[in-house]
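The values are calculated or read from the model by the stated rules, or taken from the named source; none is laboratory data. Quick caveat, the model's predicted, so the values are computed rather than measured. When we count neighbours, we look across all protein chains shown, and the Cβ atoms used for this are built from the backbone with ideal geometry, even at glycine. Just so you know, the surface numbers come from the protein's heavy atoms only, side chains and all, with ligands and any DNA or RNA stripped out. Shrake-Rupley method; radii C 1.70, N 1.55, O 1.52, S 1.80 Å.
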Protein chains: 2
Amino acid sequence: MKLRFSGTGDSGQVPCFGCDCLACQRARLLSCHRREPCCGEIELDGDLILIDAGRMDLAARCERQRPAAILLTHYHADHVQGLLHLRWGRGESIPVYGPKDPQGCADLHKNPGILDFQPGLKPFRPLQLGRLEVTPLPLNHSKPTLGYALSDGVNRLAWLCDTVGLPGATESFLTEWRPHGVVIDATHPDSYIAPRNHNNVAMALEIIERIQPSRAWLTHISHELDADFLATSRTLPEGVELAADGSDILF
Amino acid sequence: MKLRFSGTGDSGQVPCFGCDCLACQRARLLSCHRREPCCGEIELDGDLILIDAGRMDLAARCERQRPAAILLTHYHADHVQGLLHLRWGRGESIPVYGPKDPQGCADLHKNPGILDFQPGLKPFRPLQLGRLEVTPLPLNHSKPTLGYALSDGVNRLAWLCDTVGLPGATESFLTEWRPHGVVIDATHPDSYIAPRNHNNVAMALEIIERIQPSRAWLTHISHELDADFLATSRTLPEGVELAADGSDILF
């Protein structure tokens, strides 16, 4: 199973339009520091499965390889906006899985085009996509949102974004499931006290400490967090790192 | 006054994802034949005014020059999807004008960020943006939609997209106003009979013939229309041409 971080930014991305903070200036100069909307790709047995669809060049990516399925965490624009164009394509329909959310985003459900929106997933009821077992996990966010526990039968990866904290049932599941890898929302620097919809770094690290994966990646990173790391040269615990756009992880 | 056609495609764009028609194959090989979502730019006295905001790289464009204002024709995703990201930028707010449409698109009105959505424009009541006089013109479409009569005091340009036919009052206004240039929706080939939301070429040409501008450009062009022109080597009347992405017109 291969995981690619195809985007690791928040809704404003890095660089953020019109911003002159050090992180945004750096990202304009060095493309390796850019952050597109938070999303990932799983490759398993030659199949491509997308996690979220907020990249603006989604159709171009899908032309290189047509995804076998798309998993949506939720219907905020920065996680689905690439579908607004992709849907008008040609060829076989693409199954799209996600939480039950009758509102969706814009007119996606009303005019799905080639997207085959499946009924809303039920928490903790696994879905089988080829050899990949996908267990939906409720998260805490301002719209119905699911994380995903992903297993190829050997390796276990939890994708936990967008969220602030974790619901008790999800944390209990993960403590028992013992993922090897965890990808988790860490949008804000710690100076952002008591956030309502996303973790700050300290909150994400506390969750990682409790779940105890071998490795963990912080994602959905704001330009404020990048600027904070630049200003403080902060380090992270062993096995934990900031995710970076375009990096691949082999399990 | 300078007009740039920053996008001349329909919602599916050219190339359309997954399509192997001749027009899509050509656009993959030669970028000059690509068509992004239909939108334009007006430059006057050093100010940039955007017409529609469906390009996915809108924030990058606006970083090169911050627009003085954005005019929206309507709230279908392919005309506003670039705002979903741009709104989360920094700096002074950007005024956005458009038709009265309480629904808008996704959560743009609820979470406008740096976008300053103005009250819905009233048909035929002119708005002054610096030296540019902008008169909203009702169009026929599946969502509340306005075209714009644009004048710098000397040159007159009408932007008429998206529309199928023209409401009588709009056509009467234009016949009297006598625009030098007309940009008009011609999404479909003529084989597309009795379209509901967009003109086919014959319908657009009939309107141009009645309004009698010196020059006219067909826009919002589908890959089917490009393929039709490729297959038939069809020509257009003198003074009328297919708009092309990136082309500039000086008035």
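On a 1.4 Å probe surface of the protein chains, which of A:Ile193, A:Ile221 comes out largest in accessible area, and what is the full order? Let's see the in-between values first.
Working: A:Ile193 130, A:Ile221 0 Å².
From most exposed to least exposed: A:Ile193, A:Ile221.
Can you give the calculated 222 nm mean residue ellipticity of chain A, where each DSSP H run of n ≥ 4 adds -39,500 (n - 2.57) and the sum is split over every residue, rounded to the nearest 500 deg cm²/dmol?
After summing the helix terms and dividing by the residues of chain A, the value is -5500 deg cm²/dmol.
Taking beta carbons within 10 Å but only from partner chains, what does the mean come to for residues A:85-97?
Details: counts 12, 3, 4, 12, 7, 10, 4, 1, 0, 2, 0, 0, 0.
Mean shielding by partner chains, rounded to a whole number: 4.
Using a 1.4 Å probe and ignoring any ligands, DNA or RNA, find the accessible area of B:Arg4 and quote it in Å² to the nearest 10.
Approximately 90 Å² for this residue.
How many Å² of accessible surface get buried when A and B come together, counting both sides, probe radius 1.4 Å, rounded to the nearest 100? Walk me through the intermediate numbers first.
On the way: alone 11360 and 11360 Å², together 20280 Å².
Answer for the A-B pair: about 2400 Å² buried.
Under 4.7 Å Cβ to Cβ, no partner at all: give me those cysteines from chain B, in residue order.
That list is B:Cys21, B:Cys32, B:Cys38, B:Cys39, B:Cys62, B:Cys105, B:Cys161.
The range A:1-57 to the range A:102-147: how many Å between their Cα centroids?
21
How large is the convex hull of the Cα atoms of the range A:119-163 per residue, expressed in Å³ as a whole number? Before the final figure, lay out each step's value.
Numbers: hull volume 2.8 nm³, N = 45.
Here the figure is 63 Å³ per residue.
Using the scaling law 2.2 N^0.38 Å as the reference, what is the normalised Cα Rg of the range B:142-251?
Working: Rg = 13.6 Å, N = 110, 2.2 N^0.38 = 13.1 Å.
Cα Rg divided by the expected 2.2 N^0.38 Å: 1.03.
Keeping every protein chain present and rolling a 1.4 Å probe, give me the accessible area per residue for chain B in Å².
Numbers: 10140 Å² over 251 residues.
Value returned for chain B: 40 Å² of accessible area per residue.
Grab the other residues whose beta carbon is less than 14 angstrom from that of A:Pro119, score K and R as +1, D and E as -1, and report the net.
The answer is +1.
With N set to the residue count of the range B:200-251, report its C-alpha Rg divided by 2.2 N^0.38 Å to two decimal places.
After normalising by residue count via 2.2 N^0.38 Å, the value is 1.17.
Mind grabbing the accessible area of A:Asp45 for me, 1.4 Å probe, Å², rounded to tens?
The accessible area of A:Asp45 comes to roughly 100 Å².
Can you tell me the relative contact order of the range A:2-243? Whole percent, Cα pairs under 8 Å, sequence separation 6 or more. Show your work: numbers first, answer last.
Values: 529 pairs, mean separation 37.9, N = 242.
Here the relative contact order equals 16 percent.
For the rotation taking A to B, I'd like to know which residue in chain A has the C-beta closest to the axis, plus that distance in Å.
A:Met56, 2
How large, in Å, is the protein assembly as shown by the Kirkwood hydrodynamic radius built from its alpha-carbon pairs? Before the final figure, lay out the partial values.
Numbers: mean 1/r = 0.0418 Å⁻¹.
By the Kirkwood definition, the hydrodynamic radius is 23.9 Å.
Going by amide H atoms built from the backbone, whose H comes under 5 Å of the H on B:Ser247, apart from near neighbours?
B:Phe5
For B:Ser31, what accessible surface area do you get with a 1.4 Å probe? Give it in Å², rounded to 10.
Using a 1.4 Å probe on the heavy atoms, I get roughly 90 Å².
Counting only pairs 8 or more places apart or on different chains, how many lysine pairs in the protein assembly as shown have C-alpha atoms closer than 21 Å?
13
What net charge is computed for the residues neighbouring A:His33, neighbours being all others with C-beta under 13 Å from the C-beta of A:His33, Lys and Arg scored +1, Asp and Glu -1?
Numbers: positive: A:Arg26, A:Arg28, A:Arg34, A:Arg35; negative: A:Glu36, A:Asp226, A:Asp245.
Net local charge, A:His33 excluded: +1.
For the full complex of protein chains and a 1.4 angstrom probe, list A:Lys143, B:Lys110 by accessible area with the highest value first. Show your work: numbers first, answer last.
Working: A:Lys143 30, B:Lys110 165 Å².
Result of the area sort, largest leading: B:Lys110, A:Lys143.
If I stretch the segment between B:Arg125 and B:Arg234 completely, what's the gain in nm (0.36 nm per residue apart, minus their alpha carbon distance), one decimal?
Details: separation 109, 0.36 × 109 = 39.24 nm, distance 3.89 nm.
Net length gain for the segment: 35.3 nm.
Tally up the carbon and sulfur contribution to the accessible surface of the range B:102-251 as a whole percent, 1.4 Å probe, everything protein left in place. Don't jump to the answer; show the numbers that get you there.
Values: 3410 of 6770 Å².
Here carbon and sulfur together make up 50 percent of the probe-accessible area.
Give the Kirkwood hydrodynamic radius (Å, one decimal) of chain A, defined as one over the mean of 1/r across all pairs of different Cα atoms.
Values: mean 1/r = 0.0551 Å⁻¹.
Over chain A, the inverse of the mean reciprocal pair distance is 18.2 Å.
If you plug each phi of the range A:5-17 into the Karplus form 6.51 cos²θ - 1.76 cosθ + 1.60 with θ = phi - 60°, what whole-Hz ³J(HN,Hα) values come out, in order, with x for Gly and Pro?
7, 7, x, 9, x, 8, 5, x, 6, 10, x, 8, 3
Could you work out Rg/(2.2 N^0.38 Å) for the range A:7-153, with Rg from alpha carbons only?
The value comes to 1.08.
Taking each residue in A:71-81, count the Cβ atoms of any other chain within 10 Å of its Cβ, then average. What number comes out? Provide the component values of the computation, followed by the final result.
Details: counts 0, 0, 0, 0, 2, 4, 12, 3, 0, 2, 7.
So the per-residue partner count for this stretch is 3.
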